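To start, the structure itself, in structure tokens.
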Amino acid sequence: APSELADALADFHPADLAEIVADLDPEDAMAALHAVPLDLVPAMFEYLDPGQRAQLIGALPLATAATIAGQMSADERADLLGEIPEELRESLLARMHPDDSREVARLLEYPPNCAGGLMTTEYLSFPAHLTAGELLDRIRQAAPQTESIYTAYLTSEPSHHLAGVVSLRDVLMNDPRRPATEFMVENVVTVLPDTDQEEVARLISKYDLISVPVVDPQGRVLGVVTVDDVIDVLQEE
């Protein structure tokens, strides 16, 4: 029964839900999708094969599809919208929050197999003049809307050029009154938007990074590529 199926699926991890749906034919996949609790569907979509999730999103009502896409992480949302026909993409963008629509449009400007196409715009960035205590407060406030909170990028004011990077561990271990400029790492490994995905993966592996910032030629942060995206790249390569 649909209610029993929904109760059973509610206990699964989104990755396991995606694995279940991936093994079904299109008709049964849609039936299972309708049974998955709506709050789990956006995360599940991030684990689905690109072709299958494009097929599923196209078979859903526009309002439902826009809700799902709007709750996905920025990079995965852009990937999804890049996989579907242009007419459907425009219809979904029109129903999404304007900020999300603009972000998707910007990310879709980059080829999918380069740093710009892999990056997410959901990252931590703060002025470098803050103290450890102020940084911790800012991280706490930004955490619900950020894909990863373990690394924060610090920028100079007012140019917003990348000045350094701190880990959450650094912030927690330092005196709350100590300026971030005294413990941040200034020699930050960065990539340009057109850096090939294999080179991005190599750098993250070589330097054991959680993420690598993508900067423009002037040194301003555009986004970050996280290690989970690099794992996907390595599997693909």
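Residue count for segment 65-110 under the criterion of being exposed (fewer than 14 other Cβ atoms within 10 Å of the Cβ) and over 22 Å from A143 (Cβ atoms): the result is 9. Against the numbered list (1) open to solvent by 30 Å² or more (accessible area, probe 1.4 Å); (2) closer than 21 Å to A78 by Cβ, G223 comes up short only at (1). Residue under question is A35, and the condition is that it be in contact (Cβ under 8 Å) with a residue 60 or more places away in the chain and open to solvent by less than 30 Å² (accessible area, probe 1.4 Å); does it hold? The answer is no for A35.
Just give me the residues in segment 171-212 being open to solvent by 50 Å² or more (accessible area, probe 1.4 Å) and assigned to a helix (DSSP H, G or I), in sequence order. Passing the criteria: L172, M173, T181, E182, E198, E199, R202, S205, K206, Y207.
Contact map, segment 53-79: first residue in contact (Cβ under 8 Å) with a residue 24 or more places away in the chain, second residue open to solvent by 10 Å² or more (accessible area, probe 1.4 Å) and of a type in the set (G, A, S), Cβ cut-off under 7 Å, separation 6 or more or different chains; pairs are L62/S91. Taking the numbered list (1) within 16 Å of the chain's Cα centre (by Cα); (2) open to solvent by less than 20 Å² (accessible area, probe 1.4 Å); (3) closer than 25 Å to L209 by Cβ in turn, Y123 passes all entries but (2).
In the set (1) closer than 24 Å to P112 by Cα; (2) touching a residue at least 60 places away in the same chain (Cβ under 8 Å), the condition left unmet by S159 is number (1). No other residue among P176, P144, P85 is in contact (Cβ under 8 Å) with a residue 24 or more places away in the chain and either among the hydrophobic types (A, V, I, L, M, F, W, C) or within 30 Å of P50 (Cβ to Cβ) (or both) apart from P85.
Take the conditions (1) within 21 Å of V233 (Cβ to Cβ); (2) crowded, with 19+ Cβ neighbours inside 10 Å; (3) in contact with an Asp or Glu (Cβ under 9 Å, 6 or more places away or on another chain); E147 misses just one of them, which is (2).
The values are calculated or read from the model by the stated rules, or taken from the named source; none is laboratory data. As the structure is a computational prediction, the values presented were derived from the model and not from experiment. Methodologically, a virtual Cβ is constructed for each residue, glycine included, from the backbone with ideal geometry; neighbour enumeration extends over all protein chains shown. Please note that ligands, DNA and RNA were not included when accessible areas were found on the heavy atoms of the full protein model with its side chains. Shrake-Rupley method; radii C 1.70, N 1.55, O 1.52, S 1.80 Å.
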